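Here's the structure, in structure tokens; my notes come after.
The values are calculated or read from the model by the stated rules, or taken from the named source; none is laboratory data. None of these values were measured; they are calculated from a predicted model. Note that each Cβ is placed from the backbone with ideal geometry, even for glycine, and that neighbours are counted across all protein chains shown. Note: accessible area is taken over every heavy atom of the protein model, side chains too, but ligands, DNA and RNA are not part of it. Shrake-Rupley method; radii C 1.70, N 1.55, O 1.52, S 1.80 Å.
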Amino acid sequence: MKRAEAAVDRNTYAKYLQLEKLLSSQVTRTQSEDELLFIIMHQSHELWFKLAIHELTCASRELLEGEAGKDCLMAFKRLSRVSEIQKLLIRSWDVLTTLTPDEFFLFRETVGKDGASGFQSVQYRVFEFRLGLKYRSLTMQTPVGERSVAVVDQVDNQQDRAAIETALAAPSIYDATVAHMAHLPFTGIEPRHDYASPYQRSEAVFVAWRHVYEDREQFPELYQLGEKLIDLEDAFRRWRFAHLATVSRVIGINPGTGGSMGLQYLKSAANQLIESPLYPELWEVRNAMFSRDRTAV
């Protein structure tokens, strides 16, 4: 009897990873042999989003609570890990490009039944908020005109709404970085407290980053932190452009399952980060470094 109980309680690879639950979660709804690809692709995205959110949350906490000038080192590994996750996410679009239009057509109506769409991914919204892209509503072009949609209206239960609101009100990784820099001997940096609003460019933060980049031997930790933040935003830009290219290849210019003008919306979203960077001072300092007058600060 004891041996039988021990066998039931024994930890195994499958039990530890809950593989029975995990591998039974791919439920296809059509006869298409390619629907499984679509499901696994998006489920894997959600798992990587979960880890990326965790790592960004930990890094933000370390910057906010750590010792000024030293503990940004503790965030480095976290941010490097998120960058590697982003590389995986970008590379994953290559797998979906093997899905041809005629193959997707066989199950697309099932995917989009009742307006189901990637717009409803709570974790993707939380990931964006943790990176620093803050917003309460989305404006999209639809076949009948422009439409503004509140983010919380894209989900249908209170738990998901609460998760979105909590992430919106929490400091992003850049908020945490600016707050960390405010404790260092830079002039005029004020940590913000309204984390739910979009970040606004600060002259004091720009001047501080310019000092860091022009004298990186004096500020080696901050220099590395700045580059890791650039890695994050650069990868996020690449993710959006890869998504745009994949959708263009698979469904062309047809509307998305969420009702938007698919390609047009994704193109606007991809260009948004070029026109309005998440970490504006870090991109602006690159312009300053190569400007004709490098003596002015």
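In the stretch 245-254, the qualifying residues are those that are in a helix (DSSP H, G or I) and among the hydrophobic types (A, V, I, L, M, F, W, C), and the one that is farthest from residue 109 (Cα to Cα) is 245.
Residue 119 meets all of the listed conditions (1) aromatic (Phe, Trp, Tyr); (2) surrounded by fewer than 16 Cβ atoms within 10 Å (Cβ to Cβ); (3) in contact (Cβ under 8 Å) with a residue 12 or more places away in the chain but one, namely (2).
Among the residues of the stretch 58-79, the ones that are open to solvent by 40 Å² or more (accessible area, probe 1.4 Å) and either under 23 Å from residue 90 (Cα atoms) or among the hydrophobic types (A, V, I, L, M, F, W, C) (or both) come to 6 in all. One residue alone among 65, 46 is closer than 25 Å to residue 234 by Cβ and acidic (Asp, Glu), and that residue is 46. For the condition touching a Pro at 6+ places or on another chain (Cβ under 9 Å), modelled with pLDDT of 95 or more and under 26 Å from residue 90 (Cβ atoms), residue 44 does not qualify.
With respect to residue 238, is the statement that it is modelled with pLDDT of 95 or more, open to solvent by 60 Å² or more (accessible area, probe 1.4 Å) and under 30 Å from residue 102 (Cβ atoms) true? Yes. Selection of the stretch 182-216 for residues being charged (D, E, K, R), open to solvent by less than 60 Å² (accessible area, probe 1.4 Å) and part of a helix (DSSP H, G or I) yields only 210. Is it the case that some residue within the stretch 267-275 is at pLDDT 65 or above, buried (at least 18 other Cβ atoms within 10 Å of the Cβ), more than 28 Å from residue 204 (Cβ to Cβ) and not basic (Lys, Arg)? Within the stretch 267-275, one or more residues are at pLDDT 65 or above, buried (at least 18 other Cβ atoms within 10 Å of the Cβ), more than 28 Å from residue 204 (Cβ to Cβ) and not basic (Lys, Arg).
Of the residues making up the stretch 217-244, those that are of a type in the set (Asp, Glu) and part of a helix (DSSP H, G or I) are 221, 227, 231, 233, 234. Out of 161, 130, 147, 136, one residue alone is surrounded by 16 or more Cβ atoms within 10 Å (Cβ to Cβ) and either touching a residue at least 12 places away in the same chain (Cβ under 8 Å) or polar (S, T, N, Q) (or both). It is 130. Residues that are within 14 Å of residue 177 (Cα to Cα) and of a type in the set (Asp, Glu) within the stretch 200-232 comprise 221, 227, listed in sequence order.
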